[in-house]
């Protein structure tokens with residue numbers, strides 16, 4: 001079974017290794033690229049730092065990571081938590097896999113106390129973290145430290161990938177919208193009808209209407225996406 005991956009080249013490579021270990025073949029079609037914006041957090045006078053994506057850690061200057069290492073890092077899920085630990089953060093509090101759940105984890109952690117948290121993020125955000133924490137005594141300083149450039153491959157390459165794929169993984173609403181947009185522009189919608197799309201969450205699945213089959217992971221993490229894929233493969237065998 002062949003699985004189409006459309007994240008960054010590095011992200012695709014990591015997932016491809018996991019797929020290979022399970023007996024699946026990856027088709028890598030990188031449709032995004034990370035870039036630093038040049039913006040940074042204003043000082044280190046914070047009670048902690050929030051990471052809603054491992055990308056925020058990947059683009060964080062080593063000096064900044066070192067300065068924050070003794071403060072608690074709040075990570076959206078296990079993958080981001082692992083990246084934070086590898087970057088040198090001593091204390092990592094892990095959320096249940098999406099930003100909404102992470103906001104609840106933060107509220108519980110600081111219940112009854114005020115706090116000022118740093119929030120390095122991308123220029124695209126699917127969840128209003130500031131709104132979720134409003135009125136709790138927890139304030140955020142947001143810095144858009146990285147951007148995601150959306151890439152459009154040649155139509156022939158896109159068509160070949162769609163023609164070979166049995167399944168496809170999608171991790172964010174913005175990435176799903178970009179993918180369906182370039183497929184529509186290329187006139188290749190029909191090629192998606194037989195492909196099983198695996199979405200990390202319901203809000204991602206909502207962007208994948210052109211697919212004939214959409215499966216939502218039980219939990220918003222890649223491990224659950226891989227579980228869904230294995231069940232799908234088992235049902236087809």
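Looking only at the range 19-28, decide whether some residue is under 19 Å from residue 226 (Cβ atoms), outside any strand (DSSP E or B) and modelled with pLDDT under 90. No, the conditions are met nowhere in the range 19-28. For the range 116-133, the set of residues classified as outside any helix (DSSP H, G or I), over 28 Å from residue 178 (Cβ atoms) and under 24 Å from the mean Cα position of the chain (by Cα) consists of 117, 118, listed by residue number. Report yes if some residue within the range 100-115 is part of a loop (DSSP other than H, G, I, E, B) and within 19 Å of the chain's Cα centre (by Cα); otherwise report no. For the range 100-115, residues part of a loop (DSSP other than H, G, I, E, B) and within 19 Å of the chain's Cα centre (by Cα): absent. Among the residues examined, residue 36 qualifies as touching a strand residue (DSSP E or B) at 6+ places or on another chain (Cβ under 6 Å), surrounded by fewer than 14 Cβ atoms within 10 Å (Cβ to Cβ) and in contact (Cβ under 8 Å) with a residue 24 or more places away in the chain. Selection of the range 54-67 for residues being within 14 Å of residue 118 (Cα to Cα) and either touching a helix residue (DSSP H, G or I) at 6+ places or on another chain (Cβ under 8 Å) or at pLDDT 90 or above (or both) yields 56, 57, 65.
Report yes if some residue within the range 198-208 is in contact with a strand residue (DSSP E or B) (Cβ under 9 Å, 6 or more places away or on another chain), at pLDDT below 95 and under 18 Å from residue 24 (Cβ atoms); otherwise report no. Looking for residues that are in contact with a strand residue (DSSP E or B) (Cβ under 9 Å, 6 or more places away or on another chain), at pLDDT below 95 and under 18 Å from residue 24 (Cβ atoms), one finds at least one in the range 198-208, hence yes. Please indicate, with yes or no, whether at least one residue in the range 178-193 is more than 22 Å from residue 101 (Cβ to Cβ) and within 16 Å of the chain's Cα centre (by Cα). So far as the range 178-193 goes, yes, one or more of its residues are more than 22 Å from residue 101 (Cβ to Cβ) and within 16 Å of the chain's Cα centre (by Cα). For residue 20, the conditions (1) in contact (Cβ under 8 Å) with a residue 12 or more places away in the chain; (2) not assigned by TED's automatic domain parsing to the domain that holds residue 61 are fulfilled apart from (1). When the residues of the range 216-225 are narrowed to those that are outside any loop (DSSP other than H, G, I, E, B) and crowded, with 18+ Cβ neighbours inside 10 Å, which ends up modelled with the lowest pLDDT? The residue in question is 222. Checked across the range 147-162, the condition of being part of a strand (DSSP E or B), free of Cβ contacts under 8 Å to residues at least 60 places away in the same chain and farther than 21 Å from residue 220 by Cα holds for no residue. Restricting attention to the range 41-63, the residues being over 22 Å from the mean Cα position of the chain (by Cα) and buried (at least 17 other Cβ atoms within 10 Å of the Cβ) number 1. If you take the residues of the range 140-164 that are under 13 Å from residue 191 (Cα atoms) and crowded, with 16+ Cβ neighbours inside 10 Å, which of them is farthest from the chain's Cα centre (by Cα)? Out of the qualifying residues, it is 159.
The values are calculated or read from the model by the stated rules, or taken from the named source; none is laboratory data. Since the structure is predicted, the reported quantities are computational estimates derived from the model, not experimental observations. Using ideal geometry, Cβ is built from the backbone for each residue, glycine included, and neighbour counts are taken over all protein chains shown.
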